[in-house]
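Reading through the structure tokens given below for one structure.
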Amino acid sequence: MSATLTITGLAELRAELQKLPDELKGEGKQIVIATANGFAATMRRKYLAHRRSGNLALTVYTAARDISVGGAYAVVTAASKHAAPFEKGTETRRTKQGWNRGRMPAADLFIPAAIAARRAMWGELAELVRRKGFTVSGDGS
């Protein structure tokens, strides 16, 4: 079998993946879910390295969903109320009593790790379709 798959961006990747045989869709779904679970585990480890209460690591979860015919996506969420301030940092702040609570620098862990996980996932998906006889061009970014 000879076919071509051109990836120029995420929308194009999704459109091309919808055209693939059911066998590839199932394997692709497994890659998407495994990537999300791996990313969630990575974030739990990263958050535990900065642990005060463990709340950040305990609230990282994955939600995988099937979409349309044979498609899937997964979302990894850090649900703690502390996640956004930890990731983005805070400005100097004072309590109502006037006590200085200082500034917290941004940890900036989640987004770089998500970008790396997504890049790795695109590579695995491209390799999957190559193994099945398709030609893949583009880098998925």
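The values are calculated or read from the model by the stated rules, or taken from the named source; none is laboratory data. These figures come from a predicted structure and were not determined experimentally. Every residue, glycine as well, gets a Cβ built from its backbone with ideal geometry; the counts of neighbours run over all protein chains shown.
Just a few scattered comments:
- Exactly one residue among 15, 11, 41 is at pLDDT below 90, assigned to a helix (DSSP H, G or I) and over 14 Å from residue 125 (Cβ atoms), and that residue is 11.
- Some residue of segment 109-122 being more than 30 Å from residue 25 (Cβ to Cβ) and in contact with a Gly (Cβ under 9 Å, 6 or more places away or on another chain): no
- Considered as a group, the residues in segment 44-57 that are at pLDDT 85 or above and surrounded by fewer than 14 Cβ atoms within 10 Å (Cβ to Cβ) include one that is nearest to residue 112 (Cα to Cα), and that residue is 45.
- Enumeration of residues in segment 69-81 that are modelled with pLDDT under 90 and either more than 18 Å from the chain's Cα centre (by Cα) or among the charged types (D, E, K, R) (or both): 69, 70
- Of all residue pairs spaced 6 or more apart or on separate chains, those with beta-carbon atoms under 8 Å, a first member in segment 52-63 that is of a type outside the set (S, T, N, Q) and a second member that is modelled with pLDDT under 85 are 57/51.
Okay, residues lined up against (1) without any contact (Cβ under 8 Å) to a residue 40 or more places away in the chain; (2) part of a helix (DSSP H, G or I); (3) exposed (fewer than 13 other Cβ atoms within 10 Å of the Cβ):
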residue	(1), (2), (3)
72	no, no, no
76	no, no, no
93	yes, no, yes
97	yes, no, yes
107	no, no, no
117	no, yes, no
124	no, yes, no
127	yes, yes, yes
135	no, no, yes
